[in-house]
Amino acid sequence: MLNSRIGTLTNGVSEFPEKDPVRVLILLGEPFLIQAEGETETMRIKEESNGVSASRNHLVFAYYVTGHGFGHATRVVEVVRHLILAGHDVHVVTGAPEFVFTSEIQSPRLFIRKVLLDCGAVQADALTVDRLASLEKYSVTAVLPRASILETEVAWLNSIKADLVVSDVVPVACRAAADAGIRSVCVTNFSWDFIYAEYVMDAGNHHRSIVWEIAEDYSHCEFLIRLPGYCPMPAFRDVIDVPLVVRRLHRSRKEVRKELGIGEDVKLVILNFGGQPAGWNLKEEYLPSGWLCLVCGASDTQDLPPNFVKLAKDAYTPDLMAASDCMLGKIGYGTVSEALAYKLPFVFVRRDYFNEEPFLRNMLEYYQGGVEMIRRDLLTGHWKPYLERAISLKPCYEGGINGGEVAAQILQETAIGKNYTSDKLSGARRLRDAIILGYQLQRVPGRDILIPEWYASAENELGISSGSPTYQKSENSYLTNSCTEDFEILHGDPQGFPDTIMFLKSLAELDVVSESERTPEKRQIRERKAAAGLFNWEEEIFVARAPGRLDVMGGIADYSGSLVLQLPIREACHVAVQRNHPSKHRLWNHALARQQAKGQGLTPVLEIVSYGSELSNRGPTFDMDLADFMDGEQPMSYEKAKKYFARDPSQKWAAYVAGTILVLMTELGVRFENSISMLVSSAVPEGKGVSSSAAVEVASMSALSAAHGLSISARDLALLCQKVENHIVGAPCGVMDQMTSACGEANKLLAMVCQPAEIVGLVEIPSHIRFWGIDSGIRHSVGGADYGSVRIGAFMGRKMIKSIASSMFSQSLPSSSGENIDELEDGGVELIEAEASLDYLCNLSPHRYEAFYAKMLPESMLGEKFLEKYADHNDSVTVIDPKRNYGVTAAAKHPIYENFRVKAFKALLTSATSDEQLTALGELLYQCHYSYSACGLGSDGTDRLAKLVQAMQHSKSDDGTLYGAKITGGGSGGTVCVVGKNCLRSSQQIIEIQQRYKNATGYLPFVFEGSSPGAGRFGHLKIRRRTSSKLT
């Protein structure tokens, strides 16, 4: 009975006076055909006797709707409804089901043309975007047929005599309008250049031209009608902000519940994942007693428990939302805007790689309307604590919800001829390097997001400064004294480091956050609210600090056994750890509910809070039962752990932190009987090639070791942290990152031979020489495909060299007659024999490589062919893809020559001071840089920076004080290392390079300068909150 009632809530109440049935023009599958022009014209409600459609009483709008989800279509409905009410014709170009429009608009002035001109984001499932598939589908949908699309759309727009083209937010529509001589306007909260830019850098660099093309298309738009919860969209010249666009209600909460037969004593949650069949096995026990769940988008074959009710495909969700007590779903513009408008608490689950989400999420939470659910709890049915938390919220959005009406009025005035534009630069000029745009989310760590002042301008919101000040210990006695006033330092010394003192201050302020929860506060950051309940202030807390690193020389040659020279940087990660008996541990509500559901009493739990989560759109918290690390009586395998953390990409970051626990269990036999609380705060920027992951791992393991009384040397700790990254995170990095973070010392280069990790000394940096790091803004990841494929290519090359050497050695042995088949120079046989068992490529000298092996290595080889001939490449952290072609020559040659370059660089640092010394140091950097490019690990951004340094060096003014630059770390973006004289002129030239790069790309680089000690030198702090400083 209930199902049949719900099925009646599908049609809107028409406001339209026309009595004729709805006329819908549907052209399935293919774009509009030019020969259909006459047919389309006859669909008009009025004949235009003079052939001119534009008038104040009757206008024609062509409204293009993106193919991404229902949210765009539902908000378009509201704008279109008001345009039609004003007496205008609207032709909607969409791939969405027609009922989305016809259930709300019943008028012959509505024309629907079923054509898909873009694809949005391709979703692997309801919560995961497939980035590479999105780019590939867009290429097939909009790039390859672009010429025919433009020809067809221009003809169609002319055939309907469109007065204005509106796009939400189909790029090619703006270009087609320009080609047809028709003005165009976009209505949206995000644009596809912003969304796709990150996809390009992370998954498909060969599709990068897509972003340029989209940005250029948008630049033809007259202006942007911008909706709340917006992303950065600098491709648009002018912006007009409007209120929320939401669909109207047809029935009151009381009317809907009465029609459904649901009393006010029943708690109602609507499960809304964007109209996609969830495919989950929903169970009756997922809901608390007295609750009922309305399920949107369930498949026809899906069986539901009695307390879950399947809604009709065309159910009118605004009425159902208003009748519900809360909503459970994924964030999108439609769900967030309507939840805010109807003051409906929203329990949301993060989507992976959905770049629009952070902006909408922060708007939702700002108005106290959101509760984040961990994906694991969604799938396993631990819903109760989240639902109960949701109904305790008091959503407080009081802004306008008539954005549809306002937007329609603006569009009507624009079509009549009103000019909203200014003389600002075109979008194409303001967005010269759109690739960078996808990383504007990665702002300076610790900067709070405040709403509604987001992104007044892209540069201001980035919080960019002109450079990094040289790192110095704090001389501010106030900070130091206030730190000791808050905490009793039982062990260790903050050493005057300002970042450490500020971290301790932030710990003390958590009491204030906890206290403020008693009163409503919109601007609280959720991660700090979670951290406020993390620690037991009566117990000791252990704090560790680990810096990132600047790769001066060595880079990717570390996994081939090279000598490397690394500088620990100023920016560092702090981790605070506390262990408590489970009975004293302060559990988050959902973690407590999970333990209660198991019925085993209180057992050790790990809870982690990570500051800066919004910068990379990851979940700010992570928790698990420590027993989950056990597989029977033994710790779970690294492979199982890797899969465990990969289940929810928004929480995959926890592998870097929690993975240290499993490594300590596995490698050292440590067992953790108490609960563990961890707070992670890192100022090492992610994705910039300065080892943010190593800093997190080293700081986490250092703090854990201190809290549990473990004595681990800095070197051993680094090797253990490498296991975390290689085997649990799954990134095939070498060990130099962790070694520098653990063993480095301030203002000295750590010299290490990576065979596997032998520190050979600390190299003093001469006082007249200085190093800088300049960030290209292009995201770097050692977990990326390019880095891994080059590593595989190097190991393939080593295997081939060993095979060649073995063959040569066997031929050099005396024959039965006692004669050598091949005559070698004195000692040659011994060298060949050693090379036949080559452990590291870097143990092969360049001249031996050129003499015997260079011409015998293939430029590249298919994985399948290599496995057939050699069986294995003998690298435990990478796997050969049989179908992939791997570069061999460049990948093998690089570490052989790099090892020689690093040795020469080290020797030059101790040579006599001269311009020739600096020139030679710079030349070695340049050689390394171009060797990276030969391996396929370069990028346009880092190449541009290296060329800017060269331009400074060889400027006609002859006062260049910069001498060389190279891409660092794993390459493919990230940071460039620059060497120059330690003088004011060099600093001025670095600033000039920043500005030139910004002028060319729109991105102002961050500059790394200064140094700080590694975790081993810092040690750890043991602190306890002073009773007198606690709030009462």
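Summing Lys and Arg as +1 and Asp and Glu as -1 over all other residues whose Cβ lies under 14 Å from the Cβ of Gly381 gives a net charge of +3. Counting heavy atoms of the protein chains alone, Glu398 has an accessible area of about 140 Å² for a 1.4 Å probe. Among the trypsin sites (Lys or Arg not before Pro) within the range 709-756, which fall in a DSSP loop and have no more than 10 other Cβ atoms within 10 Å of their own Cβ? Loop-located and lightly packed - none at all.
Within the accessible surface of the range 872-1014, defined with a 1.4 Å probe on protein heavy atoms only, the carbon and sulfur portion equals 52 percent.
Using R0 = 25 Å, the C-beta based FRET efficiency linking Asn747 and Asp959 works out to 0.45.
Loop-resident trypsin sites (Lys or Arg not before Pro) (DSSP state other than H, G, I, E or B) in the range 938-976 with no more than 14 further Cβ atoms inside 10 Å of their Cβ: Lys956.
The coefficient of translational diffusion for the range 245-404, derived via Stokes-Einstein from the alpha carbon Kirkwood radius under 25 °C and 0.890 mPa s, stands at 155 µm²/s. Counted over the range 382-421 with a bin width of 5 Å, the fraction of Cα pairs per bin, in whole percents, is 5, 17, 13, 10, 9, 9, 9, 7, 7, 8, 4, 0. The order of the peptides 983-996, 1001-1014, 121-134 by mean Cβ neighbours within 10 Å, most packed first, is 1001-1014, 121-134, 983-996.
The value for the range 525-655 of Rg(Cα) / (2.2 N^0.38 Å) is 1.31. Count Lys and Arg as plus one, Asp and Glu as minus one, and take only other residues whose Cβ is under 15 Å from that of Ile391; the net charge is then +2. Spatial offset of the range 78-134 relative to the range 561-589 amounts to 48 Å, using the alpha carbon center of each. A straight line joining the Cα centroids of the range 291-340 and the range 630-694 runs 36 Å. Here the range 193-342 exposes an accessible surface that is 47 percent carbon and sulfur, computed with a 1.4 Å probe and the other protein chains kept in place. Surface analysis of the range 574-658 yields an accessible area of 41 Å² per residue, using protein heavy atoms and a 1.4 Å probe.
Heavy-atom surface analysis with a 1.4 Å probe gives the range 635-679 a carbon and sulfur content of 50 percent of its accessible area. Direction-averaged projected area, Cα convex hull, the range 654-748: 6.3 nm², rounded to one decimal. Projected onto their three principal axes, the Cα atoms of the range 146-293 cover extents of 59, 39, 29 Å, largest first. With a cut-off of at most 16 other beta carbons within 10 Å, and DSSP calling the residue loop, which trypsin sites (Lys or Arg not before Pro) in the range 874-940 qualify? Please list them. Passing sites in the range 874-940 are Lys883, Arg884.
Computed from the Cβ-Cβ distance with R0 of 22 Å, the FRET efficiency linking His491 to Thr1027 stands at 0.70. The alpha-carbon of Lys998 sits under 28 angstrom from the alpha-carbons of these lysines, leaving out residues fewer than 8 places away in its chain: Lys424, Lys688, Lys947, Lys956, Lys966, Lys981.
Using the structure shown, list the pairs from Lys529/Lys598; Lys642/Lys855; Lys114/Lys258 with a Cα-Cα distance above 32 Å, or answer none.
Where the Cα-Cα span goes over 32 Å, the pairs concerned are Lys642/Lys855; Lys114/Lys258.
In this structure the range 861-949 gives 45 Å² per residue of accessible area when probed at 1.4 Å with all protein chains present.
Quick one: Cα centre-to-centre distance for the range 955-1011 and the range 493-507, in angstrom? Distance between centres, Cα-based: 30 Å. Size descriptors for the range 291-330, from the alpha-carbon set: Rg then Dmax equal 10.2, 28 Å.
The values are calculated or read from the model by the stated rules, or taken from the named source; none is laboratory data. As the structure is a prediction and not an experimental result, all values here were calculated from the model. Here the Cβ is made from the backbone with ideal geometry for all residues, glycine too, and neighbour counts use every protein chain on show. Surface areas here come from the heavy atoms of the whole protein model, side chains and all, with no ligands, DNA or RNA. Shrake-Rupley method; radii C 1.70, N 1.55, O 1.52, S 1.80 Å.
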